[in-house]
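This report refers to the structure that appears directly beneath it.
The numbers here are math on the coordinates, done by the rules we state, and not lab data. Quick caveat: nothing in here was measured; it's all calculated off a predicted structure. Counting neighbours? That spans all protein chains shown, and the Cβs are built from the backbone with ideal geometry, glycine included.
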Amino acid sequence: MNKMIAIRRVELGERHLRPGRTKHSSNGKDFPPFTSLVICQSPDDTGYFLMHICENGQAADTWHQNLEDAMHQAEWEFHVRTEEWIETNEAF
């Protein structure tokens, strides 16, 4: 798999829901609180990944058919507003 490209980023702060409306776990263990979200695209995929990043670097992700769906998930899950996203174009 080729490296993903981050196209949007937002830092989660006091105004956002934390831990969020969705429970994320791996191997039966809950993730620590997420501190940022990154929307990425893979050159091998037409969809978008909403990456949930923890302070310690752990990450969970959800896959979405389009950018709007990924941003809507972040809005529903954490109350991230559209205007809060920062556009970026960096390897992830």
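Below are the figures for this structure:
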read-out: Reciprocal of mean inverse Cα separation for the chain (Kirkwood radius, Å); value: 13.3
read-out: Inter-label distance for SER42 and GLU75, nm, one decimal - labels placed 7 Å from Cα along Cα-to-Cβ; value: 2.7
read-out: Residues whose placed amide H lies under 5 Å from that of ASP61, excluding near-sequence neighbours; value: HIS52
read-out: Backbone HN-Hα couplings from phi across segment 37-52 [Karplus 6.51/-1.76/1.60, Hz, Gly and Pro as x]; value: 10, 9, 9, 10, 10, 9, x, 8, 9, 8, x, 10, 9, 9, 8, 9
read-out: Vicinal HN-Hα couplings computed from phi for segment 77-92 (Karplus, 6.51 cos²θ - 1.76 cosθ + 1.60; Hz; Gly/Pro x); value: 6, 10, 6, 7, 7, 3, 6, 7, 5, 9, 6, 8, 8, 9, 5, 10
read-out: Of the GluC sites (Glu not before Pro) in the chain, those whose Cβ has at most 13 other Cβ within 10 Å and which sit in DSSP loop; value: GLU14, GLU55
read-out: Neighbour-count ranking [beta-carbon atoms within 10 angstrom, fewest first] of LEU17, LEU50, LEU37, LEU67; value: LEU17, LEU67, LEU50, LEU37
read-out: Sequence of ARG21, ARG81, ARG8 once ranked by neighbouring C-beta atoms within 10 Å, starting from the fewest; value: ARG21, ARG81, ARG8
read-out: Gain in span if fully extended, GLU14 to CYS54, counting 0.36 nm per residue against the direct Cα distance; value: 12.9 nm
read-out: Of ASN56, ASN66, ASN27, the one that fluctuates the most in a GNM where the chain has Cα springs shorter than 10 Å; value: ASN27
read-out: GLN65/LYS29 FRET efficiency (R0 35 Å; Cβ-Cβ; nearest 0.05); value: 0.75
